[in-house]
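The values are calculated or read from the model by the stated rules, or taken from the named source; none is laboratory data. The model shown is predicted, which means the values in this text are computed figures rather than measured ones. Cβ coordinates were reconstructed from backbone atoms using ideal geometry, including for glycine residues, and neighbour counts include every protein chain displayed. Note: accessible area is taken over every heavy atom of the protein model, side chains too, but ligands, DNA and RNA are not part of it. Shrake-Rupley method; radii C 1.70, N 1.55, O 1.52, S 1.80 Å.
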Amino acid sequence: MLSTDSTDILFSKARSHKAWLDQDINDNQIKQIYNLLKFAPTSGNCCPARFTFVKSKELKQKMLPSLDQGNIDKVMSAPCVVIISYDTKFYESLSILSPHSDAKSSFEGNEKKIKNTAEFNSSLQGAYFIMATRSAGLDCCPMLGFSKERLNQDFFPDGKNKAVFICGIGYGDHSKLYNRAPRLEFNQACSVI
C-alpha cells in the first residue's frame, strides 16, 4: 500500500480547483505528466487519447466561444488548460502498440467499434492524466460545460480528433476552496456478491 501522504495527494486531500495561483508550469512538468500516464492500461494497449496543452493567452481566448459561462474564469486564469481528446485513427498505431496481434484490421471500416473503443479508453486515460498531474505536484480542474462541436471545429478542424473533456492544471489557490462535499459511503456505492 502507498503511504498515507501519497494517497492524500492522489485522493483523500486532493481537490478540484476553480481558482489558481499566478504561477506558471513548465514544459518539463507537462512531459512528466505524460510520461507517467502513458504506462496506465487501455484495452489492447490502444492508447487513443491525445492531450493538447494550451498555455498561451491567445489560444485560451480561442476557446472562449465554446465555453459555458461558468467555465470562462476557470479556463482563462489557469496556467494551462488541457484538451483531452481521442484520435479517430488511433488504430493505425496498433501495429506498433499491439504487435502481438493484427488488431488494426478489426477496426478498419468499423466506425461503431472505433468510436466505442476510443471514447471508453480516452476517458480512462483522462482519469490517469488527473492522477499523473497530482503525482507531479500540480492541481486539476476537470470540466465539461463546453460545446464539443465548437471546440473540435476551432482546434481540430480536420476532424481527426474529438474532444472528451478539458482540464485546467497548475497550482490551485487553496484559499478559494469550499469545504469538501460529501461522498457516498461504501455500502451506498458498493456491493460484494
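Kindly sort 27, 173, 5 by accessible area of their heavy atoms, largest first, with the probe set to 1.4 Å.
5, 27, 173
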(request) Report ³J(HN,Hα) in whole Hz for each residue of the range 187-193, in order, from the Karplus equation J = 6.51 cos²θ - 1.76 cosθ + 1.60 where θ = phi - 60°; Gly and Pro get x. (result) 6, 8, 10, 10, 9, 10, 10
(message) Tell me the Rg and the Dmax, in Å, that the Cα atoms of the chain produce.
(response) 17.9, 53
(message) Using 0.36 nm times the number of residues separating residue 144 and residue 183, minus their current alpha carbon distance, what extension gain do you get?
(response) 12.0 nm
(request) For the chain, set up a Gaussian network in which alpha carbons nearer than 10 Å are linked by springs, and say which option among 50, 180, 150 fluctuates the most. (result) 180
(request) May I ask you to derive the FRET efficiency for residue 190 and residue 154 from their Cβ-Cβ distance with R0 = 45 Å, giving the value to the nearest 0.05? (result) 0.65
(request) Working with all protein chains in place, sort 22, 73 by solvent-accessible area computed with a 1.4 Å probe, largest first. (result) 22, 73
(request) Can you send over the carbon and sulfur percentage of the accessible area for the chain, probe radius 1.4 Å, protein chains only? (result) 53 percent
(request) Would you kindly find the accessible area of residue 192, with a 1.4 Å probe and non-protein molecules such as ligands, DNA and RNA excluded, rounding to the nearest 10 Å²? (result) 130 Å²
(request) Ignoring everything but the protein chains, give the 1.4 Å probe accessible area of residue 55 in square angstrom, nearest 10. (result) 80 Å²
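Determine the relative contact order of the chain: mean sequence separation of Cα pairs under 8 Å and six or more apart, normalised by residue count, in whole percent.
Numbers: 279 pairs, mean separation 64.5, N = 193.
Over the chain, the number comes to 33 percent.
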(request) Pull up all non-local amide H partners of residue 170: gap of 5 or more, or a different chain, and H-to-H distance under 5 Å with H placed in the peptide plane. (result) 139
(message) Nearest 500 deg cm²/dmol is fine: what mean residue ellipticity at 222 nm does the chain get from its DSSP H runs of n ≥ 4 alone, each adding -39,500 (n - 2.57), divided by its residue count?
(response) -10500 deg cm²/dmol
(request) Show the residues, 5+ positions off or on another chain, whose built amide H is closer than 5 Å to the amide H of residue 164. (result) 84, 85, 86
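Would you count, across the range 92-193, every pair of lysines whose alpha carbons are under 13 angstrom apart, provided the pair is eight or more residues apart or spans two chains? Working shown, then result.
Working: 104/113; 115/160; 115/162; 148/162.
Lysine pairs satisfying the spacing and distance rule in the range 92-193 number 4.
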(request) Per residue of the range 87-99, in order, report the coupling 6.51 cos²θ - 1.76 cosθ + 1.60 (Karplus, θ = phi - 60°) as ³J(HN,Hα) in whole Hz, putting x for Gly and Pro. (result) 8, 5, 10, 3, 5, 5, 9, 5, 5, 8, 6, 9, x
(request) List the residues whose amide H sits under 5 Å from the amide H of residue 54, counting only those 5 or more places along or on another chain, with H placed 1.01 Å from N in the peptide plane. (result) 81, 82, 83
(message) Checking the cross-link filter: which lysines have an alpha carbon closer than 19 Å to that of residue 55, excluding same-chain neighbours under 8 positions apart?
(response) 18, 31, 74
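Could you order 17, 100 so the one with the most accessible surface comes first? Probe is 1.4 Å. Could you put the intermediate results ahead of the total?
Values: 17 0, 100 155 Å².
Per-residue accessible area, sorted high to low, gives 100, 17.
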(message) Springs between alpha-carbon pairs under 10 angstrom, Gaussian network model over the chain: which of 165, 156, 90 fluctuates most?
(response) 156
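Which loop-located chymotrypsin sites (Phe, Trp or Tyr not before Pro) does the range 19-79 contain, where loop means any DSSP state but H, G, I, E or B and the Cβ has at most 14 other Cβ atoms within 10 Å?
Loop-located and lightly packed - 39.
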(request) Per residue of the range 168-178, in order, report the coupling 6.51 cos²θ - 1.76 cosθ + 1.60 (Karplus, θ = phi - 60°) as ³J(HN,Hα) in whole Hz, putting x for Gly and Pro. (result) x, 9, x, 9, x, 8, 5, 5, 9, 7, 7
